[in-house]
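Since the structure comes first, as structure tokens, the remarks are kept for the end.
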Amino acid sequence: MLRFLLNRVLQGAVLILIVSMIGFFVINLAPGGPLSQYAMTPGMSQADLDRIAAQMGLDRPLPVQYLDWLGNMLIGDWGNSYRDQSPVLDVVWRHMWATLLLMGTSTVISVALGTLVGVLGALKRYSIFDYMATVGAMIALSIPTFWFGLVAIFIFALELGWLPAGSMYTVGDQSLGDYLIHLIMPSIVLALVNVAIWSRYMRAATLDVIDQDYVRTAKAKGLPHLRVVSAHIVRNALIPMITLAGLQLPTIIGGALVTETVFTWPGLGRLFIDSLGYNDYPVIMGLLMFSAILTVIGNFLADVGVALADPRIRLG
Amino acid sequence: MTNTGNDFAHPSRRGFLGMTLMGAAGLGLSSLPGTARAQATGQVIVGISQEPTVFNPHLLHIEVDEGIHWALFDPLFSVEPDGSFAPRLVTEVPTVENGGISEDGTEWRISLKEGVTWHDGTPLTAEDVKFTLELQTNPDFRAARRTGHELIEEITVVSDTELTWKMSSAFAPYMAILSWTMIVPAHAFEGEDPNEAPFNQSPIGTGPFVWDSRAPGDNIQLVANPDYHGNKAQIERVVVRYVPDLTVLYTQFRTGDIDVIALQGIAPDHYAEASELSGKTVELVPVGTVETLSLNVGNPVLADPAVREALYLGVDKATVIDALYYGLPTATETYMPQQSFYYNESLPEHVYDPEAGIALLEEAGWVVGSDGIREKDGERLSFVCSTTAGNHTREQLQQFLQQSWRDMGIEMSISNLPPAVMWADHWMQSQFDMAVAGIIFLTGPDPDTRDYFHTEAINAQGGAGQNTFQYSNPRIDELLAEGATTVSPEARKPIYEEIQALVREELPFLPLFQRNEVRGHDEQMAGYTPNINVRITFWNMQDWSWS
């Protein structure tokens, strides 16, 4: 077990290092550079831009800049945002909890609903419900989230006036109820696609399990139907879902990108788009690193989780 | 126009308020000093499509940041919508007439108002002004701009409310630069790296609003400053809300989630619908951006003035504005905003006359070749037009022009580039033939355009500036030098009118129109006055009120 742990940590570290190297150089290869957006500012001269670039150390060779960044990163200094000068970790942290709130709510909805729809669809294969769930999932997967979000805003905010058009809270209110009302539309819009994904995976996994010998045995020995489903079918069908969940972990950064834009949700997805727009390299790198670390952790947790859930798998 | 805000025939807002105050005093209400307005109440939500993140007004920033700066800080004097200067922290705007500026324009004397305090209670002194001006040229500070400030040689603090400085040479645009230079507190930077001082995240100013809080990615909240030295804000709380998508921004304006739709405003194709909304005021606000067909006169074909003139005659401007731009922009003949004091009204008006253009080309020796394209001395009348890729309206404009000019025997091909490539060396080093470019030629209200028209501002020829047209005219160089060292606006006006006439005649760019942006606010809200001389429309939030 210890060897397994060490091994994975080492692998993860190498992977993250490679990602950081590629990320850093690719970002810097993009034309323009962090100061190009200011070139059309009235009264801005090339001399001013060159001076500021030099003051920021952007005129140094790329490998030097990279090593400098890496060295600081290793001692916990992720650099400062070019946009607002505050430390990258602060910037990420301040946007994190908005995303966690949205992703968390939406994940609960999509896992619960997806599992239910998937299992029911598999148990009643080729029933009307199954067909409807399949068609529904296809539609949900093919409609762009952006469009769906705007339609939802049009109906529920503009026409009916039931729900707020966006934002995380009403300025000056910020009660729990206020947060919940603001959460309804974005979390459901975001969950829609995930319900579709989860239900499809869950349906397939359930179908794999449903014809297994132990299920037949369970039925044969006269266990109540509900117990067969819950203890023998769903439990085993969930094992591959653990891997899926682990792989989904890093999407908390990018997954809500579109939804956050449509519903003006101040989370990491929007931070990422904005940072790209402003060529805010330190924040882009920070998010990339964060995402890489989450991928490594997600994979690791998935492996451990599967091993815990399935006694046939041994780590090491 | 004069340099003071006290022109009696055209009273500024402050002047008017002063008169009201005098009236109030006469009625025996003098027991209420400085409270011409009731207690601030209510809240206003301003929606913008870019997020303000830079609160130190002297670091590199974008225009939305300046809306926050105007609320939190004061410059020594501000520039009003009519282009005049009005005192903010000074008792009087310095002029040659009142002795604030010496005859030769190199010696300045500034008197500050008494009793002005920073939001933390510390009194404002002349040391703060000195610190602010010196910060701009501090080698360790990443100041956004140094132009003008670099000329200051020595600042002397005479007393707490008075200071003088000497400049190495007269520089008329410095008035405009100062009107944009927000004064920051020296004590907030003591012992700090000015690039990373805590001040940059929790700014302290002297302005009409006090910093309250920031929820990154969502909103910034400001509250009225009850001790403001000027016109106190009437609205208690301002929420500047960041809504990144223009469609969503417009939707939130319709639902009433935001009260004011500021930058980027309402998209042109929503204008007609928006004007019909009940309970909302939607208006066109002129901005300083002039849409040009910029020409590279270093190109052998475009170097011929007859070609440039003929191209201009072949542009059906009215159709372009009505059909492609929903009739929103204002046709113009110059780079100078039409609201400017220096605008030359007597420039020849453009006519759409392709026949006259053809005659001009024939006369200049451009004759139709075998492929239908004109040529002269083996040179085909052919060039490439480029602009930012993905700007659909501009792409339609290009196709429209391509067709119009093709009928005159002129060949234009289109090659558009992503913004980071288009406006980098391709533009700055004059590698284009023709570019569709929206340019703000002026820095604030000052008419100086040395960067765009001076021979030494051609980057492609070793100069420093933005004369990407590679346009050179010795007379203009002379006029620019004269204008920059002439202090009185009345004396400067004819100089800049002549420059405009020369540019209109020689056409280093074909001026299409001056942009208007669509802005909207709740009908119940008063005091929303855009100002073409500043970069942002929500610059005067202290004057806003709910009726």
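Condition test on A:Leu276, is it within 14 Å of another protein chain (Cβ to nearest Cβ), in a helix (DSSP H, G or I), surrounded by 21 or more Cβ atoms within 10 Å (Cβ to Cβ) and in contact with a helix residue (DSSP H, G or I) (Cβ under 8 Å, 6 or more places away or on another chain)?
no
Tell me, which strands (runs of 3 or more DSSP E) wholly within segment B:77-190 include 1 or more residues that are under 25 Å from B:Pro208 (Cβ atoms)?
Working: elements: B:77-79, B:85-87, B:107-111, B:152-159, B:162-167.
Once the strands (runs of 3 or more DSSP E) in segment B:77-190 are filtered for at least 1 residues that are under 25 Å from B:Pro208 (Cβ atoms), what remains is B:77-79, B:85-87, B:107-111, B:162-167.
Can you find, within segment B:408-437, the residue that is nearest to B:Ala331 (Cα to Cα) among those that are charged (D, E, K, R) and in contact (Cβ under 8 Å) with a residue 24 or more places away in the chain?
Among residues in segment B:408-437 that are charged (D, E, K, R) and in contact (Cβ under 8 Å) with a residue 24 or more places away in the chain, the one nearest to B:Ala331 (Cα to Cα) is B:Asp433.
Could you figure out which of (1) modelled with pLDDT under 85; (2) in contact with a Phe, Trp or Tyr (Cβ under 8 Å, 6 or more places away or on another chain) isn't true of A:Val193?
(2)
What is the one condition in (1) within 14 Å of chain B (Cβ to nearest Cβ); (2) charged (D, E, K, R); (3) crowded, with 17+ Cβ neighbours inside 10 Å that A:Asp130 does not satisfy?
Single failed check for A:Asp130: (1).
Here is a list of conditions, (1) part of a helix (DSSP H, G or I); (2) at pLDDT 95 or above, and B:Pro511 meets all of them except one; can you say which number that is?
It fails just one condition, (1).
Looking only at residues in segment B:267-301 that are part of a strand (DSSP E or B) and polar (S, T, N, Q), which one is nearest to the other protein chains (Cβ to nearest Cβ)? Step through it out loud before you land on a result.
Within segment B:267-301, the subset part of a strand (DSSP E or B) is B:280-295.
Among the residues that remain, those that are also polar (S, T, N, Q) are: B:281, B:289, B:292, B:294.
On the way: B:Thr281: 20, B:Thr289: 10, B:Thr292: 13, B:Ser294: 13 Å.
Among them, the one singled out is B:Thr289.
Could you grab the pairs with beta carbons closer than 9 Å, sequence gap of 6+ or different chains, first residue in segment A:264-287 and at negative phi, second one part of a loop (DSSP other than H, G, I, E, B) and basic (Lys, Arg)?
So the pair list comes out as A:Asp274/A:Arg83; A:Ser275/A:Arg83; A:Tyr278/A:Arg83; A:Asp280/A:Arg83; A:Val283/A:Arg83.
Condition first: buried (at least 16 other Cβ atoms within 10 Å of the Cβ), assigned to a loop (DSSP other than H, G, I, E, B) and not aliphatic (A, V, I, L, M). Now tell me which residues in segment A:43-89 satisfy that.
A:Gly43, A:Ser45, A:Trp78, A:Gly79, A:Ser81, A:Tyr82, A:Arg83, A:Asp84, A:Gln85, A:Ser86, listed by residue number.
Any residue that is under 22 Å from B:Leu284 (Cβ atoms) and crowded, with 18+ Cβ neighbours inside 10 Å - is there at least one of those in segment B:357-377?
No, the conditions are met nowhere in segment B:357-377.
Could you list, in sequence order, the residues of segment B:264-323 that are under 18 Å from B:Ala356 (Cα atoms) and within 26 Å of the chain's Cα centre (by Cα)?
B:Lys317, B:Ala318
Pick from segment B:229-266 the residues that are in a loop (DSSP other than H, G, I, E, B) and within 14 Å of another protein chain (Cβ to nearest Cβ): which of them is surrounded by the fewest Cβ atoms within 10 Å (Cβ to Cβ)? Full working, then the answer.
Going through segment B:229-266, the residues in a loop (DSSP other than H, G, I, E, B) turn out to be B:229-234, B:243-245, B:256-259.
Then keep just the ones that are within 14 Å of another protein chain (Cβ to nearest Cβ); that gives B:243-245, B:256-259.
On the way: B:Val243: 28, B:Pro244: 20, B:Asp245: 20, B:Gly256: 13, B:Asp257: 21, B:Ile258: 28, B:Asp259: 25.
Restricting to residues being in a loop (DSSP other than H, G, I, E, B) and within 14 Å of another protein chain (Cβ to nearest Cβ), the top hit is B:Gly256.
Pairs please, first residue from segment A:19-36 and within 14 Å of chain B (Cβ to nearest Cβ), second anywhere and surrounded by fewer than 16 Cβ atoms within 10 Å (Cβ to Cβ) and at pLDDT 90 or above, Cβ atoms under 6 Å, 6+ apart in sequence or on different chains.
A:Asn28/A:Leu62
Starting from segment B:438-467, take each residue that is more than 15 Å from B:Gly483 (Cα to Cα) and list its partners that are among the β-branched types (Val, Ile, Thr), counting only C-beta distances under 6 angstrom and pairs at least six apart or across chains.
B:Gly438/B:Thr289; B:Ile439/B:Val290; B:Ile439/B:Thr292; B:Ile440/B:Thr289; B:Phe441/B:Thr449; B:Asn467/B:Ile458
The values are calculated or read from the model by the stated rules, or taken from the named source; none is laboratory data. The structure displayed is predicted, hence computed values, not measured ones. So basically every Cβ, Gly included, is an ideal-geometry build from the backbone, and we count neighbours across all protein chains shown.
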